[in-house]
Amino acid sequence: MSWHLHLLNARGVLTPWEHAIRDGIERARLRAAGCVELPVLDLVVQAVKDGGIPELGHVGHAPRPGAIYITLDPDNPNLVRHMGEAFERMVVHELHHALRWDAVGYGRTLGEAIVSEGLAGRFVQELFGGEGEPWDRALTEEQFAALLPRLRQELKAERYNHAAWFFGRGDLPRWAGYSFAWGIVGKYLARSPERRPSRLAGVLAAEVLAVLNHESGVSLS
């Protein structure tokens, strides 16, 4: 096994969820193994009150190479119905981040983060199908068009406000960054149908962001 699971469960909070956690991670691992070489990973699972995405009850984070952190909120009533495929999709999303960490890194600029998040979102789509998660389509077309000039202006910024762009903790709509990521990477993939996110963990952000040179070439689709 190249994946090592660590449950932070000394007080037994995760015990009722342990089977679902292990089963979901294994299903995600097996699904991904069909199209990528699995990296060696530590997966750390913890329970934190109010720590997950409210609509799901869980959230993932891949802050550095070789590590994925998964947070569950056992008090969130939405967790019960999102410990199936939604949980697996989250694990796969974070797996792509782990692959990218090993290849070129997550990135330091807003543009690099946009590409990393977009590739991870499209990787989920490659493995599971569907039209993206709620955060991938969180903007209206009007919001997308209105915010695109600001995105262009801040693309190369290293001191960008990640929480504002991706989580709405500021003057931007919630999940704006994810929606831009979905649209930009989607346009990049559409230009060459043979491209697959599973084979693009090491693609340079500049190559993907070049689609923005086409003024009308990016949308939410």
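The values are calculated or read from the model by the stated rules, or taken from the named source; none is laboratory data. This is a predicted model, so every value here is computed, not measured. Note that we place each Cβ from the backbone using ideal geometry, even for glycine, and neighbour counts take in every protein chain shown.
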*Does ALA86 satisfy being under 27 Å from LYS187 (Cα atoms), part of a helix (DSSP H, G or I) and assigned by TED's automatic domain parsing to the domain that holds ARG29?*
yes
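Here's the yes/no breakdown for (1) more than 17 Å from the chain's Cα centre (by Cα); (2) free of Cβ contacts under 8 Å to residues at least 12 places away in the same chain:
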| position | (1), (2) |
| --- | --- |
| LEU151 | yes, no |
| HIS162 | no, no |
| GLY168 | no, yes |
| PRO173 | yes, no |
| ALA181 | no, no |
| ALA205 | no, no |
*So which residues in segment 79-112 are aliphatic (A, V, I, L, M), more than 18 Å from GLY132 (Cα to Cα) and in contact (Cβ under 8 Å) with a residue 24 or more places away in the chain, if there are any at all?*
LEU79, ALA98, LEU99, ALA103, VAL104, LEU110
_Is it the case, given these coordinates, that ALA98 is under 23 Å from PHE167 (Cβ atoms) and assigned to a helix (DSSP H, G or I)?_
yes
*asked:* Restricting to segment 138-188, name every residue that is farther than 15 Å from ASN213 by Cα and aliphatic (A, V, I, L, M).
replied: ALA138, LEU139, ALA146, LEU147, ALA157, ALA163, ALA164, LEU172, ALA176, ALA181
_Residues (among the basic types (Lys, Arg) and either exposed (fewer than 12 other Cβ atoms within 10 Å of the Cβ) or closer than 20 Å to HIS61 by Cβ (or both)) located in segment 129-163_ = ARG159
*So which residues in segment 1-33 are surrounded by fewer than 18 Cβ atoms within 10 Å (Cβ to Cβ) and β-branched (Val, Ile, Thr), if there are any at all?*
VAL13, THR15
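Quick check on segment 26-78: of everything there that is in a loop (DSSP other than H, G, I, E, B) and touching a residue at least 60 places away in the same chain (Cβ under 8 Å), which residue is farthest from HIS96 (Cα to Cα)?
At the first step, the residues of segment 26-78 found to be in a loop (DSSP other than H, G, I, E, B) are 34-40, 48-57, 65-66, 73-78.
Remaining after also requiring touching a residue at least 60 places away in the same chain (Cβ under 8 Å): 35-36, 39, 55, 74.
On the way: CYS35: 12, VAL36: 9, PRO39: 10, GLU55: 22, PRO74: 26 Å.
Looking at residues that are in a loop (DSSP other than H, G, I, E, B) and touching a residue at least 60 places away in the same chain (Cβ under 8 Å), I get PRO74.
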*Output the qualifying pairs, or none if there are none: Cβ atoms under 7 angstrom, residues six or more apart or on different chains, first residue in segment 183-199 and part of a loop (DSSP other than H, G, I, E, B), second residue at pLDDT 90 or above.*
ARG195/LEU189; ARG196/GLU126
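Among the residues of segment 166-182, what is the count of those that are touching a Phe, Trp or Tyr at 6+ places or on another chain (Cβ under 8 Å) and crowded, with 24+ Cβ neighbours inside 10 Å? Steps first, answer last, please.
Step one: filter segment 166-182 for residues touching a Phe, Trp or Tyr at 6+ places or on another chain (Cβ under 8 Å), giving 166-168, 172, 174-180.
Adding the requirement that they be crowded, with 24+ Cβ neighbours inside 10 Å leaves 177-180.
Counting residues in segment 166-182 that are touching a Phe, Trp or Tyr at 6+ places or on another chain (Cβ under 8 Å) and crowded, with 24+ Cβ neighbours inside 10 Å gives 4.
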_Yes/no for GLY105 being more than 21 Å from LEU56 (Cβ to Cβ), surrounded by fewer than 22 Cβ atoms within 10 Å (Cβ to Cβ), modelled with pLDDT of 95 or more and not charged (D, E, K, R)_ = yes
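Taking ARG159, is it farther than 26 Å from GLU55 by Cβ and part of a helix (DSSP H, G or I)?
Working: farther than 26 Å from GLU55 by Cβ: yes; part of a helix (DSSP H, G or I): no.
Considered against the rule, which asks whether it is farther than 26 Å from GLU55 by Cβ and part of a helix (DSSP H, G or I), ARG159 comes out as no.
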